[in-house]
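Asker: Got a structure here, written out as structure tokens. Questions coming.
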Amino acid sequence: MDSSQVVNTMNDEDVLSFCKNGYLMYQSVVPDEINQWVTQFLETHEPTDLLQEDRFIEHVLLNPQAADAVRALLGANFALPTGMANHRVECPADAQSWHRDGGSRMGYEVNHLQVFYYPQDTPLELGPTEVLPGSHFIFALQHYMAHYDRVRGAVQTSAPAGSIFITAYNVWHRRGRSTATGLRNMLKYCYWRMSPPSRDWIADPNFDFGHDHSPHYAMDGPTFRVQFREWYDAARMFYWLCDKTSDFDAINDGREWPPGHPILWKPEGFRRFGGA
């Protein structure tokens, strides 16, 4: 099996959830025997050696649930990882500083995905990765991010063995503080787009992109952005993934976005400068 054979079961709402939050979580999707084998393998091999193992490719890199999401977000024939790191930690350990990984660029295109795989149970006591929802749209220099500690709205990705966590590459994240004693293994790798974006997941013919019954572009938790900005950011990324950027530009011509909220751009009751 290769990436061209992945069956797509994602729908519009699933893709929109990624656009809003910058991550998707799939718990316990890798079989226990594979998790145990991977954990033992890492004791005597480099993590990159796993990329040559057929059972790792089949059960982890092309895992049906996780690869389905990669297929929806990166299109058909996506490229498999060429490198892999094991973020192995001797616990207990302090939390990392918040950061975006090297080479991160701001924008609305989704041309690669960063993925985390837990081959072992990773409860809060082992310091799972924390992620800040929606932060893939927040630019900050590394030394500005590093002084934050606990952030309201951050998600701790504690999960059982065999869980896979897919993120936008530039999402804010860090290793959480651990209190237990032992080793924590966590593999990290990237997939790459090889075809132009198109809405080739399961598309709902009744999905309204944003008129009388606008999709729910707003996030549920803190956005750390100016009012309604998360609507714009999520919609623009979603339109790009659907290959509808020209349509987005046409409706976002300075009159109103999100649809039905013209007060964002043209407040009622305010005079023009110099007007009567």
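The values are calculated or read from the model by the stated rules, or taken from the named source; none is laboratory data. These figures come from a predicted structure and were not determined experimentally. Glycine gets a Cβ as well: all are built from the backbone with ideal geometry, and neighbour counts include every protein chain shown.
Asker: Determine whether PRO196 is at pLDDT 95 or above, within 23 Å of TYR239 (Cα to Cα) and out of contact with any Phe, Trp or Tyr (no Cβ under 8 Å at 6 or more places or on another chain). Give the derivation first.
Answerer: Details: at pLDDT 95 or above: yes; within 23 Å of TYR239 (Cα to Cα): yes; out of contact with any Phe, Trp or Tyr (no Cβ under 8 Å at 6 or more places or on another chain): yes.
Yes, satisfied.
Asker: Please specify each residue of region 75-88 satisfying the condition of being under 17 Å from TYR117 (Cβ atoms), surrounded by 16 or more Cβ atoms within 10 Å (Cβ to Cβ) and out of contact with any helix residue (DSSP H, G or I) (no Cβ under 6 Å at 6 or more places or on another chain).
Answerer: Of everything in region 75-88, just one residue is under 17 Å from TYR117 (Cβ atoms), surrounded by 16 or more Cβ atoms within 10 Å (Cβ to Cβ) and out of contact with any helix residue (DSSP H, G or I) (no Cβ under 6 Å at 6 or more places or on another chain), namely PRO81.
Asker: All but one of (1) in contact with a Phe, Trp or Tyr (Cβ under 8 Å, 6 or more places away or on another chain); (2) surrounded by 15 or more Cβ atoms within 10 Å (Cβ to Cβ); (3) farther than 15 Å from GLY22 by Cβ hold for CYS91, so report the exception by its number.
Answerer: (1)
Asker: Quick one: count up the residues across region 231-240 that are buried (at least 24 other Cβ atoms within 10 Å of the Cβ) and either under 20 Å from VAL155 (Cα atoms) or not aromatic (Phe, Trp, Tyr) (or both).
Answerer: Here the count works out to 3.
Asker: Scan region 72-95 and report the pairs whose first residue is within 15 Å of GLU125 (Cα to Cα) and whose second residue is among the acidic types (Asp, Glu), with Cβ atoms within less than 8 Å and a gap of 6+ or a chain change.
Answerer: Every condition considered, the pairs that remain are CYS91/GLU125; ALA95/GLU130; ALA95/ASP149.
Asker: Further, regarding this structure: Looking only at region 127-136, decide whether some residue is more than 14 Å from the chain's Cα centre (by Cα), of a type in the set (S, T, N, Q) and not in a loop (DSSP other than H, G, I, E, B). It would help to see each step written out before you state the result.
Answerer: Looking only at region 127-136, we keep the residues that are more than 14 Å from the chain's Cα centre (by Cα), and these are 127-128.
Add one more test, that the residue is of a type in the set (S, T, N, Q), and what stays is none.
No, region 127-136 contains no residue that is more than 14 Å from the chain's Cα centre (by Cα), of a type in the set (S, T, N, Q) and not in a loop (DSSP other than H, G, I, E, B).
Asker: Given the conditions (1) surrounded by fewer than 16 Cβ atoms within 10 Å (Cβ to Cβ); (2) polar (S, T, N, Q); (3) under 25 Å from the mean Cα position of the chain (by Cα), and given that ASN35 satisfies all but one, which numbered condition is not satisfied?
Answerer: If we test ASN35 against (1) surrounded by fewer than 16 Cβ atoms within 10 Å (Cβ to Cβ); (2) polar (S, T, N, Q); (3) under 25 Å from the mean Cα position of the chain (by Cα), just (1) comes out false.
Asker: Right, something else. Considering only region 29-74, state which residues are closer than 22 Å to SER195 by Cα and of a type in the set (S, T, N, Q).
Answerer: ASN63, GLN65
Asker: Looking at this structure, is GLN40 among the polar types (S, T, N, Q), over 21 Å from SER178 (Cβ atoms) and without any contact (Cβ under 8 Å) to a residue 24 or more places away in the chain? I'd like the intermediate steps shown before the answer.
Answerer: Values: among the polar types (S, T, N, Q): yes; over 21 Å from SER178 (Cβ atoms): yes; without any contact (Cβ under 8 Å) to a residue 24 or more places away in the chain: yes.
Yes, satisfied.
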